[in-house]
Amino acid sequence: MTPVLAVAGLRHSFGSLVVADDITFDLEGGRALGIVGPNGAGKSTLLNLISGTLRPSSGTVLLDGRDISRWPADRRCRLGIGRTYQVPRPFAELTVFENALVAASAGAGLRGSAAYDAAAGALDRTGLRRHANEGAGRLPLLDRKRLELARALATGPRLLLLDEIGGGLTEPELRELVATVTGLRGAGLAVIWIEHIVHALLEVVDEMLCLAAGRVLARGDPRDVLASPAVRDVYLGPELAA
Amino acid sequence: MTWVNAVLQGILLGGLYALFATGLSLMFGVMRIVNLAHGDLSVLAAFLAFALIDAFALSSFVTLIVVVPAMAVLGYLVQRLLLERGLRAGPLAPLVVTFGLSVVLQNALLEAFSPDSRALPAGALGTASLQLTESLSVGWFAVLCLGLAVAVLAGLQLFLARTAFGRAMRATSDDRETVQLLGIDQRQVYAVATAIAFATLALAGVLFGMRTTFDPSIGPARLIFAFEAVIIGGLGSLWGTLAGGVVLGVAQTVGAQISPAYAVLAGHLVFLAVLVLRPQGILAPAGSRP
């Protein structure tokens, strides 16, 4: 079976600073990969390389077996990559519903009532329905984070890239988020989730990858990765110390 | 009664200014590009109409069927081939590109059409008027211009509010990077926005040509009127542009009522007053950024 995502020998540098160095892994549908690593390890850069906001210096990105390494971000999205930002970037001039609707029309290529249904569905899944007609610029931070996820879902992704969407959430909210992501994985999506809140990650991910200085430090069973000495050296989350 | 007449004529003239300024407002609103060739492009449209009339003896209105789509295609190409490259080099580059385009257009038109003043035939409509009261009458042509301006602005507003492409355009105006992650090709959105802008300025350019004379060097003077209408109304607001056009038109006709020499000056003074007292424009909510 072809993995949804296959990354091979991915490399990127800003001048002499190497931010991604020979990164290789693949991910099947219905599975979730957690990414951890210290700040500046190149986690968000990796998501940018996959989503297309950065083009790799070398290496390939395959989605469903198609080489999309040179594709622009919008085309990758239409093929099935959804991405959320760490710092939410809603379209402030549009309503919450319109934010999701733009994603459903452009990203999923839906028209008319199908687009409306997809947008409404994405808002339902993220608990934003009651805010549907509010201006997105007025949402508080947590709802902005939900909107990031709703928008990414409305594009109808096969692969979902989540960049620290758990940060700043309360424990019940985090549980809700974990349930949502677990549900998406169960529906067959491939999920990559960058998160500092390791216990949340452990509830969802099948596999863990630890990045440090742009390199894959360890990859495999989540608990094994977190327990490995190399990872403990560079990355010691508060949950681990406990 | 002469004052009432001046205001009335000003409102009607404002319709034409608003129609002309729509493209400038749209391009700034969506792409943050200030198109310094806006005036020259409208003159180009008028000369295209002039050439068509010269060759095929068409009515001025019929030329719109060719000129408006042709200018829209030109707008699409200018965005894709010129401005898009400029945008990658930073916000100042497109400004310089449009300035260059303005110079090129003026000289090309001078070469092709000589510096003579031209006018487009307005036919019977140009002189027909509607007698409202004994001392008050309005020209049908001016009424038509205002009607077209309202129709174009309302149409654009509906397009932006109700259609998928319109929403994509608003989202792109908000954040051109994020939309790409939602599957929107922002270059395509920009090119279509420019095409619409060029279509409206072509329509306005031909109507301007039917109203007054034009020559290859008049573009920059026209551009100032468009600027003033956009700023008076409030940047990025389409209905604001209509209000700005009307305010500018009224200022000019009322100024002309005092002395014909004051027409353009009065418009500039109102523009300056708005800049000083209400820099965000008359229709923008108070406190919003200018």
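Summary table
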| item | result |
| --- | --- |
| Theoretical gain in end-to-end length, A:R158 to A:D206 [0.36 nm per residue, Cα-Cα removed] | 15.6 nm |
| Average partner coverage of A:66-77, which counts Cβ from other chains inside 10 Å | 3 |
| Percent of Cα pairs exceeding the 37 Å cut-off, where the set is the protein assembly as shown | 43 |
| For chain B, the longest site-free run once GluC sites (Glu not before Pro) in DSSP loop states with at most 16 other Cβ atoms within 10 Å are removed | B:1-133 |
| Calculated P(r) of the stretch A:115-242 - Cα pairs past 18 Å, % | 57 |
| Fewest-first ranking of A:S105, B:S237, using other Cβ atoms within 10 Å as the exposure measure | B:S237, A:S105 |
| Antiparallel DSSP beta bridges within the protein assembly as shown, percent to nearest 5 | 60 |
| Candidates A:G34, A:G214, A:G137, ranked by Gaussian network fluctuation over chain A, Cα under 10 Å, top entry | A:G137 |
| Compactness of the stretch B:123-195 - radius of gyration and Dmax, Cα, Å | 19.7, 63 |
| Within 10 Å of each Cβ in A:97-105, the average number of Cβ atoms from other chains | 5 |
| Stokes-Einstein D for the stretch B:1-149, Kirkwood Rh over Cα pairs, 20 °C, 1.002 mPa s (µm²/s) | 122 |
| Principal semi-axes in Å for the stretch B:194-290 [√(5λ), Cα gyration tensor, largest first] | 23, 19, 10 |
| Average beta carbon contacts from partner chains per residue of A:106-114, 10 Å cutoff | 3 |
| CD proxy at 222 nm, helix term only [per DSSP H run n ≥ 4: -39500 (n - 2.57); per residue of chain A; nearest 500] | -11000 deg cm²/dmol |
| Cα centroid of the stretch B:46-117 to Cα centroid of the stretch A:134-157, whole Å | 41 |
| Of B:L207, B:L109, B:L16, the one that fluctuates the most in a GNM where chain B has Cα springs shorter than 10 Å | B:L109 |
| Calculated [θ] (222 nm, deg cm²/dmol) that DSSP helices of n ≥ 4 give over chain B, each run adding -39,500 (n - 2.57) | -24000 deg cm²/dmol |
| Ascending count of other beta-carbon atoms within 10 Å, so fewest first, for A:D74, A:D67 | A:D67, A:D74 |
| Volume in Å³ per residue [convex hull over Cα atoms, computed for the stretch B:162-201] | 63 |
| GNM top mover of A:A114, A:A154, A:A132 - chain A, alpha-carbon springs below 10 Å | A:A114 |
| For the stretch B:198-254 and the stretch A:1-78, distance of Cα centres in Å | 49 |
| Cα convex hull volume per residue for the stretch A:76-124 (Å³) | 82 |
| Degrees separating the helix A:141-154 axis from the principal Cα axis of chain A, which is the longest one | 90 |
| Percent of Cα-Cα distances greater than 24 Å, calculated over the stretch B:2-277 | 49 |
| C-alpha long axis of helix B:186-211 to longest principal axis of chain B, angle in ° | 10 |
| Phi-based couplings in Hz for the stretch B:261-269 (Karplus 6.51, -1.76, 1.60; Gly and Pro marked x) | 6, 8, 3, 5, 4, 4, x, 4, 5 |
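Every number in this text was worked out from the coordinates using simple rules, so none of it is lab data. This structure is a prediction, so every number in the text was calculated from the model and none was measured. Methodologically, a virtual Cβ is constructed for each residue, glycine included, from the backbone with ideal geometry; neighbour enumeration extends over all protein chains shown.
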